[in-house]
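Peer 1: Pasting a structure here, questions to come.
We did not get these values from a lab; they are worked out from the coordinates using the rules stated. Not measured: the values here are computed from a predicted model. We place every Cβ from the backbone using ideal geometry, glycine too, and count neighbours over all the protein chains shown.
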Amino acid sequence: MGDIIVAIDGHAATGKSTQSKKIASYLNYKYIDSGAMYRAVTLFAIRNKISPNNLNQINFMLSNIKINFKISDYENRTFLNDEDVEGLIRSKEVSNKVSSYAKVKKIREFLISKQREFGLNKKIVMDGRDIGTVVFPKAECKFFFKSDIKISADRRYKEIIESGSHRTYKDVLLEVSRRDSTDTKRKYSPLKKAEDSIEIDVSNKSVDEVFKDLLLIIETKIKRLTK
Ligand code: CDP
């Protein structure tokens with residue numbers, strides 16, 4: 001009855017997954033990180049030397065790939081053909097290459113159909129680039145996150161350092177801005193705000209402030225639907 005789909009799209013490293021996890025946990029919904037699926041495909045392609053420009057290789061890859069999530073109270077982990085790849089898909093190499101694979105129509109079609117399966121019974125929070133525009137255009141709540149690029153890069157840089165990896169701030173800034181540019185300019189489901197999406201500028205807001213803003217809107221929507 002009051003079950004909904006929450007779509008959170010936006011620019012790279014704007015805190016979409018942090019907020020999505022918090023909302024999913026608060027509502028007791030499922031959280032799906034659609035970016036992790038593009039990252040897992042990219043990891044498979046790198047390992048098997050599959051070029052984003054070779055359609056035969058791409059088709060071969062997609063018929064040999066299985067992506068799953070193991071969801072617990074504490075974390076979500078991504079599995080590629082039953083291997084836990086949660087750490088590996090966040091590597092510098094995958095981050096630098098993922099947008100080139102995410103441009104490919106066949107890859108998008110493959111992942112979008114999987115993403116729609118996850119949302120069949122609603123009660124889901126999904127974050128990405130095209131969730132409100134293409135994957136779930138009828139999602140009841142849609143948000144679009146944007147932020148000052150330097151603040152986004154700083155957020156991602158801190159996450160990387162905290163996870164024990166080493167990258168320079170400059171390198172992360174370059175990666176995040178290149179990805180945003182490729183994601184925005186691509187032909188199939190580019191990064192763009194859906195008309196009925198609520199824009200949230202997270203630049204100068206704390207995690208708790210953004211969470212409160214989102215929750216207010218989501219709870220109002222759910223109440224309206226249950227009336
Ligand atoms: O966490 P971050 O915002 O840096 O990125 P992500 O959500 O892990 O997504 C990684 C990449 O996957 C993006 O830069 C896009 O190229 C691609 N992606 C996409 O094309 N469509 C989605 N729905 C989600 C991710």
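Peer 1: In debye, nearest 20, what is the charge dipole magnitude of the chain about its Cα centre with +1 on Lys and Arg Cβ and -1 on Asp and Glu Cβ, if you could check?
Peer 2: Dipole of the chain, to the nearest 20 debye: 640 debye.
Peer 1: Find the centroid of the Cα atoms in the stretch 107-180 and in the stretch 1-38, then give the distance between the two in whole Å.
Peer 2: The stretch 107-180 and the stretch 1-38 have Cα centres separated by 9 Å.
Peer 1: Using the structure shown, list the pairs from K16/K150; K22/K49; K123/K187; K105/K192; K123/K223; K22/K221 with a Cα-Cα distance above 25 Å, or answer none.
Peer 2: K22/K49; K123/K187
Peer 1: With springs connecting C-alpha atoms under 10 Å apart, model the chain as a Gaussian network and identify which of I89, I67, I161 has the largest mean-square fluctuation.
Peer 2: I161
Peer 1: Still on this structure, please answer the following. May I ask you to work out the translational diffusion coefficient for the chain at 20 °C, viscosity 1.002 mPa s, via Stokes-Einstein with Rh from the Kirkwood sum over Cα pairs, reported in whole µm²/s?
Peer 2: 120
Peer 1: To continue, here is another question. Percent antiparallel among DSSP beta bridges with both residues in the chain, to the nearest 5?
Peer 2: Looking only at bridges with both residues in the chain, the antiparallel portion is about 30 percent.
Peer 1: I would also like to ask the following. When the chain is treated as a GNM, springs tying every alpha-carbon pair under 10 Å, which of E175, E195, E140 comes out with the largest mean-square fluctuation?
Peer 2: Judging by the Gaussian network model, the answer is E195.
Peer 1: Here's something else I'd like to know. For the stretch 1-102, with the dipole built from +1 on Lys and Arg beta-carbon atoms and -1 on Asp and Glu ones, taken about the Cα centre, which of N56, N81, T18 lies farthest toward the positive end?
Peer 2: N56
Peer 1: Which whole-number percentage describes the relative contact order of the chain, with Cα contacts under 8 Å and a sequence gap of 6 or more?
Peer 2: Averaging sequence separation for qualifying contacts and normalising by length gives 34 percent for the chain.
Peer 1: What value, in deg cm²/dmol to 500, does the helix sum -39500 (n - 2.57) over DSSP H runs of n ≥ 4 give at 222 nm once divided by the residues of the chain?
Peer 2: Details: 8 runs with 110 residues, N = 227.
That calculation yields -15500 deg cm²/dmol at 222 nm.
Peer 1: For the stretch 151-227, what class follows from the C-alpha gyration tensor (a ≥ b ≥ c being the square roots of its eigenvalues): rounded when a/c is under 1.5, otherwise prolate if a/b is larger than b/c, else oblate?
Peer 2: The shape class here is oblate.
Peer 1: Using a Gaussian network model of the chain with C-alpha springs under 10 Å, which one of F143, F60, F44 is most mobile by mean-square fluctuation?
Peer 2: The residue that fluctuates most here is F60.
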